[in-house]
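The structure appears right after this line, and notes come after that.
The values are calculated or read from the model by the stated rules, or taken from the named source; none is laboratory data. All figures in this text were calculated on a predicted structure; none of them were measured in a lab. Reconstructed Cβ throughout: ideal geometry from the backbone, glycine too, with neighbour counts over all protein chains shown.
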Amino acid sequence: MMSFFQENWKLLGGLLVAVLVLGLMATWLVGGYICSPWNRSVKLPDSLAVEKVNFPSGSGSTIHGWLAGSNASRAVVILQHGIREDKTSLVERARFLVAAGYAVLLYDFQAHGESIGSKMTFGYLESRDARAAVEFAGSRFPSKPIGVIGLSLGAAAAVLAQPALEVQALVLEMMYPNVVDATKDRIEMRLGPLARWLSPLLTAQLRIRAGCGVDDLCPLVCVEEIVVPKLILAGTEDQHTKIKESEQIYERAAEPKEFVRFEGARHEDLLAFAPEHYKRVILNFLNTYLK
């Protein structure tokens, strides 16, 4: 066996280098795909009367959204979608909130849907869109309290905003704790636990791809400073953001806060997973804090 390696060490070394180069090329291509924009045309919903709106954002994008229930007298709720989604994924949430007496703003993040952008940034630039949405809602409803419901990326964007959003309630659904753990979890889902060590090959691209670093994408740290009432929702079978990570976010979050588990739910639409339970939890929280 030793003689085999001695005789073929050049060949084996060449194969090792080739595998390494191919691996680096593959992770570079994956990084490019992950950050690529997800722009597309968006149809008006048939089941919800909306007003088309747009407003500028500090992300550099003009944000395109819909406003529903603008005659409501209770409060306004801003809905923020997940990654590679758009405002159409939020229509069912908007419907039950409008029925409950809330005005609702749902919009596309930069580089999503109709809001043009050159790259996804996992909450970095999107947090500026969240701030712009709050400012727009405040200008349209100057005397009304504001709440935000963010799903995954939408939750991270709400929490990462600096300074903290001037709202009265935050609902954070399936939010990742930090970009390092988020990357490891997603690699593990596809390649198994041993592949988690590959995560630096992707996170090292952040500065080039997204214009930010790992320290800029750490909702787990940000929630410690946000004193707005927070409702944290998590699925017990979520593999994108594991339940223990959601529990850690809740433990670190400043008061006041609430935590609700959805038993058996994965990283999915919690409203579709458990409609009546979701509506009850959301409305109880919003009715308490949006007065």
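With respect to the stated conditions, L191 fails to be touching a Phe, Trp or Tyr at 6+ places or on another chain (Cβ under 6 Å) and among the aliphatic types (A, V, I, L, M). Taking region 222-234 as the range and being in contact with a helix residue (DSSP H, G or I) (Cβ under 8 Å, 6 or more places away or on another chain) and either within 15 Å of A164 (Cβ to Cβ) or part of a loop (DSSP other than H, G, I, E, B) (or both) as the test, the residues that pass are C222, V223, E224, I226, P229.
Every condition in (1) outside any loop (DSSP other than H, G, I, E, B); (2) under 17 Å from Q168 (Cα atoms); (3) in contact (Cβ under 8 Å) with a residue 12 or more places away in the chain holds for R196 except the one numbered (2). In region 202-217, the qualifying residues are those that are of a type outside the set (A, V, I, L, M), in contact (Cβ under 8 Å) with a residue 40 or more places away in the chain and touching a helix residue (DSSP H, G or I) at 6+ places or on another chain (Cβ under 7 Å), and the one that is farthest from F122 (Cα to Cα) is Q205. Say we look at region 108-136 and pick out the residues that are among the hydroxyl-bearing types (S, T, Y) and not in a helix (DSSP H, G or I); which of these is surrounded by the fewest Cβ atoms within 10 Å (Cβ to Cβ)? The qualifying residue surrounded by the fewest Cβ atoms within 10 Å (Cβ to Cβ) is S118. Looking at I34, I63, just one residue is at pLDDT 95 or above, under 17 Å from the mean Cα position of the chain (by Cα) and among the hydrophobic types (A, V, I, L, M, F, W, C), and that residue is I63.
State whether the residues of region 183-201 include one that is among the hydroxyl-bearing types (S, T, Y) and either modelled with pLDDT of 95 or more or surrounded by fewer than 18 Cβ atoms within 10 Å (Cβ to Cβ) (or both). Within region 183-201 (the criterion being among the hydroxyl-bearing types (S, T, Y) and either modelled with pLDDT of 95 or more or surrounded by fewer than 18 Cβ atoms within 10 Å (Cβ to Cβ) (or both)), the answer is no, since none of the residues qualifies. Out of the residues in region 218-261 that are in contact (Cβ under 8 Å) with a residue 40 or more places away in the chain, among the charged types (D, E, K, R) and closer than 23 Å to H277 by Cβ, state the one that is surrounded by the most Cβ atoms within 10 Å (Cβ to Cβ). The qualifying residue surrounded by the most Cβ atoms within 10 Å (Cβ to Cβ) is K230.
The condition (being without any contact (Cβ under 8 Å) to a residue 60 or more places away in the chain, closer than 25 Å to P219 by Cβ and of a type in the set (A, V, I, L, M)) is satisfied by just one residue among V98, V134, V76: V134. Candidates are the residues of region 82-107 that are under 21 Å from the mean Cα position of the chain (by Cα), in a helix (DSSP H, G or I) and of a type in the set (A, V, I, L, M, F, W, C); the one that is nearest to F285 (Cα to Cα) is L97. E237 falls short of the stated requirement of being part of a strand (DSSP E or B) and acidic (D, E). Being modelled with pLDDT of 90 or more, more than 20 Å from K244 (Cα to Cα) and polar (S, T, N, Q), is that true of even one residue in region 204-216? So far as region 204-216 goes, yes, one or more of its residues are modelled with pLDDT of 90 or more, more than 20 Å from K244 (Cα to Cα) and polar (S, T, N, Q). Whenever a residue of region 273-288 is within 12 Å of L170 (Cα to Cα) and in a helix (DSSP H, G or I), its partners that are modelled with pLDDT of 95 or more and not charged (D, E, K, R), lying with C-beta atoms within less than 7 angstrom and at least six residues away or across chains, give the pairs I282/V171; F285/A169; F285/V171; F285/L231; L286/V77; L286/G147; L286/A169. The C-beta contact set for region 143-172 (first residue on the phi > 0 side of the Ramachandran plot, second residue assigned to a loop (DSSP other than H, G, I, E, B) and at pLDDT 95 or above, distance under 8 angstrom, 6+ apart or interchain) comprises S152/G82; S152/I83; S152/M174; S152/M175; S152/Y176; S152/H240; S152/T241; S152/H267. Across region 59-85, the qualifying residues are those that are exposed (fewer than 15 other Cβ atoms within 10 Å of the Cβ) and small (G, A, S), and the one among them that is farthest from A132 (Cα to Cα) is S73.
So is E276 surrounded by fewer than 18 Cβ atoms within 10 Å (Cβ to Cβ), at pLDDT 95 or above and not aliphatic (A, V, I, L, M) or not? Yes: the conditions hold for E276.
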